[in-house]
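All remarks here apply to the structure that follows.
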Amino acid sequence: MLQIKRSLSLLIFLFFIMFFVFTFLAENEWPIWRGPGMLGISAEGNPPVTWSETENIKWKVRVEGDGSNSSPIVWGDRIFFQTAVKTDKEGPVGAETAAGGGRRRGPGGQPPRNLYRFTMVCLDRTSGKTIWEKTVCQAQPHEGHHGDHGFVSFTPATDGKLLWGNYGSQGVYCFDLDGHLKWSRDLGKMRIRAGFGEGGSLALSGDLVIVLQDHEGDSFIVALKKDTGEVVWKKDRDEKTSWTTPLVVEVGGRSQVIVTGHNRTVCYEATSGEVIWECGGGQTQNVVPTPVTGLGMVFCTSGFRGAKMQAIKLDSRGDVTGTDAVAWEADDGTPYVPSPLLYGDKLYFFSGFRPQLSCYNAKTGRPYYTKHELGEMSGVYASPAGAAGRVYIVGRNGVTYVLKNTETPEVLAINKLDDEIDCSPAIIGDEMYLKGKRYFYCIAETK
């Protein structure tokens, strides 16, 4: 009997240890683009309301390279992001590939003369010091990029065991968390509209990595095995260039992948690629924002040369174009670059990439307010984040507005850093991480 009691006590002790370990991990994860569920919300987060270059900065480190729009992810005591570093080595003049064609075709930049080191970077969360940096390849990009970002506008993803990075035309790479390469997969060269450069992050579903390749060539979406890179399924897409990220959501016990496109928004069954539902006739060209889900709906939006927000019911089936499966729509003031934020029943989004904030009742589509000017900002590329009943909005000129999550725009603070910031914030516990063009900041209360 004594032995049984001891065994029972040991089991109870182990249970509580595991509970606290899992609780710690849950509060120390921002494992993918926009964090848990790709929602942009930290359920347990409580970062500072105010900061500056001299207040509430735990650490600040220099950022190397040309991947300034790769937003950070966090797992435990480590931070990960991608970059591309220009080397002194030059390739052939006017480098061309079957996909690129080397000529400038629009407002994007010319293909570079120099080779670039495409890298994955791991920082120590406590100090900001580099733990490791691994080069995935060294290559001469076949196309240029828009002047507002570099050659690596992708955010990595991790499940705490492995780490994945999409580098577009340079392939998909998988590491362990200590930086050892496990596998790589070449998905072919992309040809991007107007030479604007590549972007759009990967998603995770079960034991699959989901990668979207919408471009001016043969577009597709593909599911790769997490541990080997083996292709599980691949579906062709009738879409041109976009920079959006697939959204993974659980509906009725099934994992689904929702992808917004100019022609159609499509929901795929995650394990097979089977189309569950699709909706046409809505989005603009150049789709960038990632959809968000909640309240039984998915909110899909875009804002290039037009405006559209569609709230589509998650239990839809078949072609739902023009049906009541589209719960509501908005046709003005929707975002070009930043993704929307669904915080409770309030849906926040910007007009284009201008600092004009709208807030809607996500259930009904009724606006609480529209195009409210955030006058200290020069523009917005970063997607807003939510924590502790507050909305954090990071502007391109380093200004961050902190607002209450209320039906009227109540500003709690306006904070300024000496950098340009296009990356979306990551929030873990009492800390927020902001990655700028030149510096990486950890914002936390300091004594």
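Coordinate-derived values only; no laboratory data. Since this is a predicted model, take the numbers as computed values, not measurements. Using ideal geometry, Cβ is built from the backbone for each residue, glycine included, and neighbour counts are taken over all protein chains shown.
Summary of computed values
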read-out	value
Other-chain or far-sequence residues with amide H under 5 Å of Gly352's (modelled H)	Thr334, Tyr336
Cα-Cα over 28 Å, subset of Lys182/Lys234; Lys129/Lys225; Lys60/Lys240; Lys313/Lys346	Lys129/Lys225; Lys60/Lys240
Inter-part distance where segment 123-158 and segment 183-248 are each reduced to a Cα centre, Å	18
Residue-wise HN-Hα coupling along segment 361-377, computed from phi with Karplus coefficients 6.51, -1.76, 1.60 (Hz; x: Gly, Pro)	6, 5, 6, 10, x, 7, x, 7, 7, 9, 6, 6, 6, 9, x, 7, 9
Amide H contacts under 5 Å for Val288, placed H, 5+ residues apart	Trp243, Gly303
Debye, to nearest 20: dipole size of the chain, +1 on Lys, Arg Cβ, -1 on Asp, Glu Cβ	380
Cα Rg over Rh - segment 165-308, Kirkwood	0.96
Along principal axes, Cα extents of segment 298-447, largest first, whole Å	55, 31, 28
Positive-end extreme of charge dipole, the chain - chosen from Val380, Leu177, Cys442 (charges on Cβ)	Leu177
³J(HN,Hα), Karplus 6.51/-1.76/1.60, whole Hz, each residue of segment 398-407, x for Gly, Pro	x, 8, 10, 8, 10, 10, 6, 7, 10, 7
Reciprocal of mean inverse Cα separation for segment 27-443 (Kirkwood radius, Å)	21.2
Segment 202-282: relative contact order in percent, alpha carbon pairs under 8 Å with at least 6 residues between	21
Karplus-derived HN-Hα couplings along segment 166-175 (A = 6.51, B = -1.76, C = 1.60, θ = phi - 60°), whole Hz, x at Gly and Pro	9, 10, x, 5, 8, x, 10, 10, 10, 10
Amide H partners (placed H, <5 Å) of Tyr439, local residues excluded	Val63
If the convex hull is drawn through the Cα atoms of segment 243-350, its volume per residue in Å³	90
Where only C-alpha atoms are counted, convex hull volume of segment 213-292 per residue in Å³	98
